[in-house]
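The structure appears below as structure tokens.
Since every read-out is calculated from the coordinates, none of them should be taken as a lab result. Given the structure is predicted, the values throughout are model-derived calculations rather than measurements. Quick reminder, even Gly has a Cβ in these numbers, built from the backbone with ideal geometry, and neighbours come from all protein chains shown.
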Amino acid sequence: MEKKDFLKDTIEHIDIKKYNVVPMIDAMKDMAFQARNLNRGAEIFNMMQKDKECAVFLTLAGSLISAGLKGVVVDMIRNNMVDAIVSTGANIVDQDFFEALGFRHYKGDPFQNDAVLRELAIDRIYDTYINEDELRVCDETIGDIANSLEKQPYSSREFIIEMGKYLDENDQYKASREDSIVYQCYKKGVPIFVPAFSDCSAGFGLVHHQWNNPGKQVSIDSARDFLEITKIKIHNKVTGIFMIGGGVPKNFVQDIVVAAEVLEFDVPMHKYAIQITVADERDGALSGSTLKEASSWGKVDTTYEQMIYSEATIAMPMLVGYAYHKGSYKERMERRLNDVLSTVEVKG
Ligand SMILES: NC(=O)c1ccc[n+]([C@@H]2O[C@H](COP(=O)([O-])OP(=O)(O)OC[C@H]3O[C@@H](n4cnc5c(N)ncnc54)[C@H](O)[C@@H]3O)[C@@H](O)[C@H]2O)c1
């Protein structure tokens, strides 16, 4: 078989607008286990949407965008259901920006011989294939963007704005950029933070850039990310967090309550918190630590918190679809936190 035989059936992003899941999720209230947890999580997410004071943070870990969840996130952005995103680099660069450049993910087979795939330069994420040659173009594009910038430190948020600008200024991406998280966030002023920015396709581009520009390079300042996202908490006392998976994004957004306290601001804990995850708490790691546990650290209030133990491709479209079809987001305004961060000077 040739490479093209493996790369023919594309992953399609689910469109939550098409399926009214409200009656099903309402009925889950009287079930048990994760169905009841999903119902409560959906109710809490709906409360976050109704609460006009509440700034909503979305965190993304795992391979969500390659798996068909990009449309869910883009619908949240378009409808002001999310005000800031914290993610792993893979979701934002290798997967979303990659698709914005016109490339696609393909349906694959988890039992395929990986040596054959390696020969053909096809990368596999469980049952999904990626053309590695195209991923190299994504790496190089990040290097090109870095080469075009003033040589100084940037927060990942600032660099990702430049990625949105790049898509905006190049009409060859006119069709493919429209349903991109990076592009829609650029347009709507929604900040995206990727605290471990180099741990993905972006890293290859930045390594190439720094190797070729010794002493005068672009670098990514993760402390600046932390300060910027803490400023959002200082300016938005009421906050809710919707976490998909765990990892660095989960901890980063929870810690901003403590960081604001370190700067001597009296801020409340996150008022609402929901996590969809497959990790449990037995290993003591952050990814599966309960939100009740987070309250012992002063990060999350326990009144409106819910863990949902489910793989995200199943639970996320249902939960966001519930709030979408309830329509409670309609009263929400654009917060344009990117504009706020570039204009407001927070003093201690
Ligand atoms: N995932 C990839 O394909 C990929 C590719 C390139 C680079 N990376 C980098 O590797 C690092 C780790 O990222 P990661 O993707 O492994 O996430 P992660 O290790 O940060 O994920 C943390 C936890 O989230 C939970 N989780 C992940 N996917 C889930 C799902 N579908 N449903 C429910 N819970 C889920 C799991 O409990 C997991 O242990 C990041 O810096 C990322 O940029 C990842």
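Within region 176-216, if we keep just the residues that are of a type in the set (S, T, N, Q) and not in a loop (DSSP other than H, G, I, E, B), the residue that is farthest from the ligand (Cβ to nearest atom) turns out to be 212. Among the residues making up region 31-68, those that are in contact with a strand residue (DSSP E or B) (Cβ under 8 Å, 6 or more places away or on another chain), within 14 Å of the ligand (Cβ to nearest atom) and farther than 21 Å from residue 229 by Cβ are 34, 37, 38, 41, 63, 66, 67. Those helices (runs of 4 or more DSSP H) of region 238-337 in which at least 3 residues are closer than 28 Å to residue 227 by Cβ, considering only elements entirely within it, cover 247-254, 256-262, 291-296. Take region 268-324 and flag every residue that is aromatic (Phe, Trp, Tyr), away from the ligand (no atom under 14 Å from the Cβ) and over 16 Å from residue 253 (Cα atoms). Passing the criteria: 304, 322, 324. Taking region 232-246 as the range and being within 15 Å of the ligand (Cβ to nearest atom) and surrounded by fewer than 22 Cβ atoms within 10 Å (Cβ to Cβ) as the test, only 246 passes.
Only residues that are touching a residue at least 40 places away in the same chain (Cβ under 8 Å) and either within 16 Å of the ligand (Cβ to nearest atom) or crowded, with 18+ Cβ neighbours inside 10 Å (or both) were counted across region 217-231, and they come to 7.
Scanning region 121-146 for residues that are in a loop (DSSP other than H, G, I, E, B) and either among the charged types (D, E, K, R) or without any contact (Cβ under 8 Å) to a residue 12 or more places away in the chain (or both) gives a single hit, 127. For region 26-74, the set of residues classified as surrounded by fewer than 23 Cβ atoms within 10 Å (Cβ to Cβ) and within 28 Å of residue 108 (Cα to Cα) consists of 61, 63, 67, 68, 71, 74, listed by residue number.
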